[in-house]
Structures are given as C-alpha cells and as structure tokens.
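Report on the structure given below.
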Amino acid sequence: MIVEALILGLVTNLHCVGMCGPLALALPDSSTSTMQKIGGRALYNIGRVTTYSALGVVVGFLGAGIDLTGFQEWVSIVSGAAMVVFALHLLFGFALFPALDGAISKRVRSPLQRLFRSKSMPALYGIGILNGLLPCGMVYIALALALNSTTVVEGVFTMAAFGVGTIPAMFAMSMASTTLPTTWRSKLNKLIPIATLLIGSVLVMRGMALNIPFISPVLNAHQPAASSCCDTP
C-alpha cells in the first residue's frame, strides 16, 4: 500500500504543478545564495509532507480500529469505490465536494497570506504545512488509500510516501520561474484518472478477499487452523 501511495504521488506530479504550481512559484524569497534558496524550498516541501503524515495518523488510527473490529474488508471496498467514483469525476468533470472545498479554502487562505508577507525559513515551512491542507482530490484519494492501514505507523508512512512522490515536480516548480509546457501537464493529467481507477479497483478486489495473491488476499481469516497429527486432545 505504501508503494501504491508513492506511485500515486509520482503520477500526481504534473497535476500538482497545475493546481499548486502558482503558489510554489510565488513563494517568498530572501535567500542570498543558491543553497539557501534550495534549503527554503526543501522546507516548504517538508511542510507539505508533514501535513500529509499528520493526516496519516488520523486515518491510520481509524483504519487500525476498523481492522480490530473485523470490518477491514468493507473499508477497503468502500474506499476503493470512492476512488473509482473520483476517477469518474476526473474523466467526466462533475463536482464532488464544492461546499467543503470552499470552506477549507477560506480558512486556509488568510494564514497563507500572512505567511507570504514574511520571508523567513519558518514561514516557508508554515506555507508548506498549510498548502497540505488545501482541498485536493488527489489527497482525498491518498487518504482513502491510507484508511486501509492496519496500524497508525502504516497510515503515516502511506501518506508520507504520497507526499514524497509529489516532491519532484513541486520542488522544481518552487525553484523555477516558468511553468512546465502545457502539453506535458495535459498528457500526465490524462493518466491520473486511469491510475486512480486502477488503484480503486484493486482496493475493491482486496476487500472482496478473492484469495488472489498480492491483489486480493484474505484480510481477516477467522477460520481455525487445521489440527496437526501431533496435537494433543
């Protein structure tokens, strides 16, 4: 699942450029050297991964609790189905959570504006943290994936892996003065719904416990183990 999250993050790169690229390009800059600028941009991206990891604690805790109560299969099916629905949203363009996205954006926008007035290293880290809270369909997908975690640690690493996967493009954008060619972004954006559809389908199959190795294993096998010939009565 951690590998799936990393792949999701990598596939999401140019989507991130399109959605958060302008914010990355507008980061405050008081650096006096290239190394200082690299350090500041690294802190910004570390801030984003910090937020994703913190969200991983929450969904990992929920996933572990659900696993303990024996409903992990249903969580896998529901979250996978949600990812499939989101993939269809990406393909056909209907709105999912406009009211929720608007409310979150309103609460995050003001602190972001204050941090942009500062040019300190902590401000760049803070911008990254708040950037991680901005509404993003791909983050929702990663959270749905992490909800299948059986431990809090797995939830954290799943979300952290997603965040790490998004770093290459976002770091490049934060260092660049111009955006990547629109044709590149358009090509990768076409892969996002396909990758989402595939991952969601795998989660649905995993929840169905079809006993297919690596794809749909039995998550909660409550059947008693077969008795050995040497067992005592």
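The values are calculated or read from the model by the stated rules, or taken from the named source; none is laboratory data. Remember, it's a predicted structure, so these values are computed and weren't measured experimentally. All Cβ positions, even for glycine, are placed from backbone atoms using ideal geometry, and neighbour counts span all protein chains on display.
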What are the residues in the stretch 97-111 that are surrounded by 15 or more Cβ atoms within 10 Å (Cβ to Cβ) and either more than 30 Å from Lys37 (Cβ to Cβ) or modelled with pLDDT of 70 or more (or both), if any?
-> Asp101
Given the conditions (1) at pLDDT 70 or above; (2) touching a Leu at 6+ places or on another chain (Cβ under 8 Å); (3) crowded, with 18+ Cβ neighbours inside 10 Å, which single one is not true for Gly200?
-> (2)
Looking only at the stretch 114-132, decide whether some residue is under 20 Å from Arg206 (Cβ atoms), exposed (fewer than 14 other Cβ atoms within 10 Å of the Cβ) and modelled with pLDDT of 80 or more.
-> no
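Can you confirm whether the stretch 173-187 contains a residue that is at pLDDT 70 or above and under 14 Å from Arg48 (Cβ atoms)? Don't jump to the end; show me each part of the working.
In the first step, residues of the stretch 173-187 are kept if they are at pLDDT 70 or above; the result is 173-175.
Then keep just the ones that are under 14 Å from Arg48 (Cβ atoms); that gives 173-174.
Checked the stretch 173-187: at least one residue is at pLDDT 70 or above and under 14 Å from Arg48 (Cβ atoms).
With respect to Asp29, determine if the residue is modelled with pLDDT under 80 and not in a loop (DSSP other than H, G, I, E, B).
On the way: modelled with pLDDT under 80: yes; not in a loop (DSSP other than H, G, I, E, B): no.
Considered against the rule, which asks whether it is modelled with pLDDT under 80 and not in a loop (DSSP other than H, G, I, E, B), Asp29 comes out as no.
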